[in-house]
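See below for the structure under consideration.
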Amino acid sequence: MHDATRDISAYEEISLVEEFAADVLQGLSLPKKYLPPKYFYDGRGSKLFEAICLTPEYYVTRTEHNILCRNADSIVAKLPKDASLVEFGSGNSSKTRLLIEALLRRSRSLKYHPIDISSSALASSASELLQHYPSLEVRTIHAEYFDGMESLSTITKGPKLILFLGSNIGNFEPAEAVNFLREIRTRMNPEDRLLVGVDMVKDLAVLEAAYNDAEGVTAEFNLNLLRRINCELDGNFDLDAFRHLALFNPAKSRIEMHLESLVDQTVSIKSIDKEFMFARGETIHTENSYKYTEDKLAGLFVDAGLERSEQWSDEHRYFTVNLLSPKR
Ligand code: AVJ
């Protein structure tokens, strides 16, 4: 980590592994096996996610990047000149840079507070940004969304632009999404703005291709969860005995990712002293990625007590970027 950053971390290394073990035990003991998607993002997983963003099929990142590129100046024009930047789930910072540059065009210095679950992603993006923008002040916050939320009220006194990009909101159940936005809203001052990137419902083939890239990067990303269990919890998952599945569930308006067992098998995880049986064809549900219609999205913001002042999109309306203020 670069000297100029002072880290705030909500984590202790030991409790991290214990929490992973507890979540794996709980998820794999359910009648419908489940593992939380937050565990995708170890060092290797974060790299794989970056690689997903570069695949031709994953339109999400590219589309949002283009929208931000075209509109960064109009977005920051809505904010006071001394606004600082806070970001939930920053990951790789290429989209954030567009806003950092737009903000630095208007003022000499800028504070940036990325909140992320991946310490490796935080560290590498912070040091890159510091090298690139000498007038930028970076304070990384290693935390999950809800824990990181606290820092919204403590880190900055002045006006802020809060970023929640990449359709990370799609990982929440719709009710959780309302809850999360509401929690942000209660910590916003009247002059603060929230920018949310949302992936929209679209042609099924386009949606499913984005999660089934030909190169197999998404499959590798999904299977990395099992690799992680093997490494960190002393498991014996045979990665060749599972395959990646990603399907759009139209009733729930979400892409579901699963890992399907290709044979009847028993897997043991030593650190929790457990064995889990898998029938051939049985799956572990590893991720939901909700896709929104404009109607559902408008309802989400209203329910969260947020007022949308502007929305930007691409020519196909694949993706929207929404600027929100707290409703008075
Ligand atoms: C980072 C949650 C937005 O749901 O599209 C990409 C994660 N999973 N490919 C998404 C992901 C598989 C991504 N989010």
Q.
I need to check one value: relative contact order of the stretch 9-159, counting alpha carbon pairs closer than 8 Å and at least 6 residues apart, in percent.
A. 24
(Q) Rounded to the nearest 20 debye, what is the charge dipole size of the stretch 232-328 about its Cα centre when +1 sits on each Lys and Arg Cβ and -1 on each Asp and Glu Cβ? (A) 480
**Q.** the chain, relative contact order [Cα under 8 Å, separation at least 6], %
**A.** 21
Q | Within the chain, helix-based [θ] at 222 nm, where runs of 4 or more DSSP H residues each add -39,500 (n - 2.57), nearest 500 | A | -12500 deg cm²/dmol
Q) Measuring from label point to label point, each 7 Å out along Cα→Cβ, what is the A205 to N179 span in nm? A) 3.9
Q. If R0 is 22 Å, what FRET efficiency do you get for A251 and D303 from their C-beta distance, rounded to 0.05?
A. 0.60
Q. For the residue pair N230 and E260, what label-to-label distance in nm results when each label sits 7 Å from Cα along the Cα-to-beta-carbon direction?
A. 2.1
Q: Can you send over the solvent-accessible area of M277, 1.4 Å probe, protein chains only, in Å² to the nearest 10?
A: 140
(Q) Can you return the lysines within cross-link range of K291? Criterion is Cα-Cα under 16 Å, with same-chain partners fewer than 8 residues away left out. (A) K202, K252
Q | Heavy-atom SASA rank of K270, K252 (probe 1.4 Å, accessible area, largest first) | A | K270, K252
Q | Proximal lysines to K81, defined as alpha-carbon separation beneath 21 angstrom and excluding residues fewer than eight positions away on the same chain | A | K95, K111, K157, K160
Q. Computed over the Cα atoms, what is the radius of gyration of the stretch 153-244 divided by 2.2 N^0.38 Å, N being its residue count?
A. 1.54
Q.
Once you compute Rg and the Kirkwood Rh from C-alpha atoms, what is the Rg to Rh ratio for the stretch 15-164?
A. 1.02
Q) With contacts defined as alpha carbon pairs under 8 Å and 6 or more residues apart, what's the relative contact order of the stretch 141-286 in percent? A) 16
Q. On full extension of the chain, what length is gained from A214 through K157, given 0.36 nm per residue of separation minus the C-alpha to C-alpha distance?
A. 15.8 nm
Q. Can you give the accessible area of C53, probe radius 1.4 Å, in Å² rounded to 10?
A. 30
Q | Cα coordinate range in the stretch 176-302, projected on the principal axes (Å, largest first) | A | 54, 35, 25
Q: Please build a GNM for the chain, connecting alpha carbons under 10 Å apart, and tell me which residue among F49, F172, F146 fluctuates the most.
A: F146
Q: Determine, at each q value in 0.19 (inverse angstroms), the log₁₀ of I(q)/I(0) that the Debye formula gives when each Cα of the stretch 235-317 is one equal point scatterer.
A: -0.89
Q.
Under 10 Å, Cα contacts only: if you run a Gaussian network model on the chain, which one of A77, A251, A102 comes out with the highest mean-square fluctuation?
A. A251
Q) GNM, the chain, Cα, under 10 Å: largest mean-square fluctuation among S74, S118, S46? A) S74
Q | DSSP beta bridge pairing in the chain, given as percent antiparallel to the nearest 5 | A | 60
(Q) Looking at the chain, I'd like the Rg to Rh ratio, where Rg is from alpha-carbon atoms and Rh is Kirkwood's inverse mean 1/r. (A) 0.97
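The values are calculated or read from the model by the stated rules, or taken from the named source; none is laboratory data. A quick note: this is a predicted structure, and the numbers were derived from the prediction, not measured. Cβ coordinates were reconstructed from backbone atoms using ideal geometry, including for glycine residues, and neighbour counts include every protein chain displayed. Only protein heavy atoms, including side chains, enter the accessible area calculation; ligands, DNA and RNA are left aside. Shrake-Rupley method; radii C 1.70, N 1.55, O 1.52, S 1.80 Å.
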